[in-house]
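Notes follow once the structure below has been shown.
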Amino acid sequence: MDESDVAGDLVSVLYTEDQIAKRLAELAEAIERDYEGRELLLVGVLKGAVMVMADLARQFNRHVEMDWMAISSYGAGTKSSGVVRILKDLDTDINGRHVLVVEDIIDTGLTLSWLVSNLNSRGPASVEICTLLRKPEAQRMSVDVKYVGYDIPNEFVVGYGLDFDERYRNLRSIGTLAPHVYS
Ligand code: IMP
């Protein structure tokens, strides 16, 4: 692999840095409106949501708290099974808190369904979800996703926190990988 041209590994760019920033600003505006007068705790899911969290949080003109969870989902290949293990739990007690889960992408939604029911068992005032990307299959899931950046086709995408084999998370844009990367 040519280490010098990471962005060149993309076969097409789905969303540029500018487009992502504008969309996150719109989402932040909606969230700010919806949570007016209420304290808000943003919960990011490591590692993919790091970029979304960093940029979304900085769009707010209000106080927000941030906390993180790391979970691993067991599944065959690239598909998750919904069987989840907590690798890092929240530092915050969310009892009585308004929680907004910040995600990079929802594919089957299995991981998120598990996470939402786990969080709900801790007695929060509310739990909602914000995701930058959502794939078609996720629309069939039972959990309601309140804030969606973009609905995308069923393709494997990388960049802006999303990885292929732990690489490409640091790309500023989101795109699909060129076939030579897999070979
Ligand atoms: P779900 O349980 O099927 O919704 O799995 C969601 C997780 O799978 C995400 O948090 C990502 O870690 C990973 N994932 C799903 N689709 C993609 C993709 O297109 N690119 C990179 N990671 C993905």
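Some points to look at:
- A single member of VAL102, VAL84 is in contact with a helix residue (DSSP H, G or I) (Cβ under 6 Å, 6 or more places away or on another chain), within 15 Å of the ligand (Cβ to nearest atom) and either of a type in the set (Asp, Glu) or modelled with pLDDT under 90 (or both), and it is VAL84.
- Selection from segment 108-144 of residues that are assigned to a loop (DSSP other than H, G, I, E, B), more than 11 Å from the ligand (Cβ to nearest atom) and in contact with a helix residue (DSSP H, G or I) (Cβ under 7 Å, 6 or more places away or on another chain): SER142
- Scope segment 34-75; condition of a type in the set (A, V, I, L, M), touching a residue at least 40 places away in the same chain (Cβ under 8 Å) and farther than 16 Å from GLU128 by Cβ; matching residues: LEU46, VAL50, MET51, ILE71
- Scanning segment 150-176 for residues that are closer than 14 Å to VAL6 by Cα, in a strand (DSSP E or B) and not aliphatic (A, V, I, L, M) yields GLY159, PHE164, ARG167, GLY175, THR176.
- Scanning segment 62-81 for residues that are at pLDDT 95 or above and touching an Asp or Glu at 6+ places or on another chain (Cβ under 9 Å) yields ARG62, HIS63, VAL64, GLU65, ASP67, TRP68, MET69, ALA70.
- Among the residues of segment 32-52, those that are within 16 Å of the ligand (Cβ to nearest atom) and among the small types (Gly, Ala, Ser) comprise GLY44, GLY48, ALA49.
- Picking from residues in segment 43-65 that are out of contact with any helix residue (DSSP H, G or I) (no Cβ under 6 Å at 6 or more places or on another chain) and part of a strand (DSSP E or B), the one that is farthest from PHE164 (Cα to Cα) is GLU65.
- THR111 being modelled with pLDDT under 95 and within 30 Å of HIS63 (Cα to Cα): yes
- The number of residues in segment 145-183 that are near the ligand (Cβ under 9 Å from one of its atoms), without any contact (Cβ under 8 Å) to a residue 40 or more places away in the chain and surrounded by 14 or more Cβ atoms within 10 Å (Cβ to Cβ) comes to 1.
- Every pair of residues 6+ apart whose Cβ atoms lie under 8 Å, when the first sits in segment 88-104 and is assigned to a loop (DSSP other than H, G, I, E, B) while the second is among the basic types (Lys, Arg): ASP93/ARG122; ILE94/ARG122; ASN95/ARG122
- Filter pass, SER73 being among the small types (Gly, Ala, Ser) and near the ligand (Cβ under 9 Å from one of its atoms): yes
The values are calculated or read from the model by the stated rules, or taken from the named source; none is laboratory data. Only a predicted model underlies this, so the values are computations on that prediction, with no experimental measurement involved. Please note: Cβ atoms are built from the backbone with ideal geometry, for glycine as well, and neighbour counts cover all protein chains shown.
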